[in-house]
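Here the structure comes first, spelled out in structure tokens, and everything after it is commentary.
The values are calculated or read from the model by the stated rules, or taken from the named source; none is laboratory data. Bear in mind that the values here come from a model prediction, so they are computed numbers and not experimental data. Every residue, glycine among them, receives a Cβ derived from its backbone with ideal geometry; neighbour counts consider all protein chains shown.
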Amino acid sequence: MHSYSMLITSAPYEGERIYNAQQFAQSLLDNPGTHLVNIFFYQQGVLNANCLGISVSGQRNLYKGWCDIASNSDVSLQVCVTAAARRGIISKQEQEENALPGFTLRSPFEQTGLSDFFAQLHSTDRLVQF
């Protein structure tokens, strides 16, 4: 059985990349010969975790797509804490600590560090980036 990690560096509004990433993740989950360990959002990819983002009429709700993947599997949606903070993707804890008016990151997305992601890569066979 091959194990995979996914690295998402594309913003949700960059063409079909994110939809393709979601389709790829779902195909891994549907294949009994593969195991998707985690999905890590980095650089512009952290914008996928913005719970306040909305889809324009007629477009796919990509945020909901990630949430559906997480709710139908044991895959963790990990967001780089530093990249997220730089782009206004703020957790409830950060909101409270910094007296901000709101937060934009909620479950099933979770904050983690880049070093944690690198450590997890040692237990996977393949890394796929979108």
For this session: Tell me, yes or no, whether region 108-123 has at least one residue that is surrounded by fewer than 13 Cβ atoms within 10 Å (Cβ to Cβ) and under 16 Å from Ile18 (Cβ atoms).
Result: no
Problem set entry | Condition broken by Leu28, with the remaining ones in (1) touching a helix residue (DSSP H, G or I) at 6+ places or on another chain (Cβ under 9 Å); (2) more than 22 Å from Gly102 (Cα to Cα) satisfied | (1)
Exercise. From the set of residues in region 1-19 that are farther than 18 Å from Val46 by Cβ and either among the polar types (S, T, N, Q) or in contact (Cβ under 8 Å) with a residue 60 or more places away in the chain (or both), which is surrounded by the most Cβ atoms within 10 Å (Cβ to Cβ)?
Worked result: Tyr4
For this session: Considering (1) at pLDDT 95 or above; (2) under 30 Å from Gly33 (Cβ atoms); (3) among the aliphatic types (A, V, I, L, M), say which one Leu105 fails and leave the rest.
Result: (2)
For this session: Could you list all residues from region 7-55 that are of a type in the set (S, T, N, Q) and more than 16 Å from Ile90 (Cα to Cα)?
Result: Thr9, Ser10, Asn20, Gln22, Gln23, Gln26, Ser27, Asn31, Thr34, Asn38, Ser55
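Give, as residue ranges, the helices (runs of 4 or more DSSP H) completely inside region 1-101 that count at least 2 residues that are farther than 20 Å from Ala119 by Cα and of a type in the set (Phe, Trp, Tyr).
Details: elements: 17-30, 62-71, 81-86, 92-97.
Where helices (runs of 4 or more DSSP H) fall fully within region 1-101 and carry at least 2 residues being farther than 20 Å from Ala119 by Cα and of a type in the set (Phe, Trp, Tyr), they are 17-30, 62-71.
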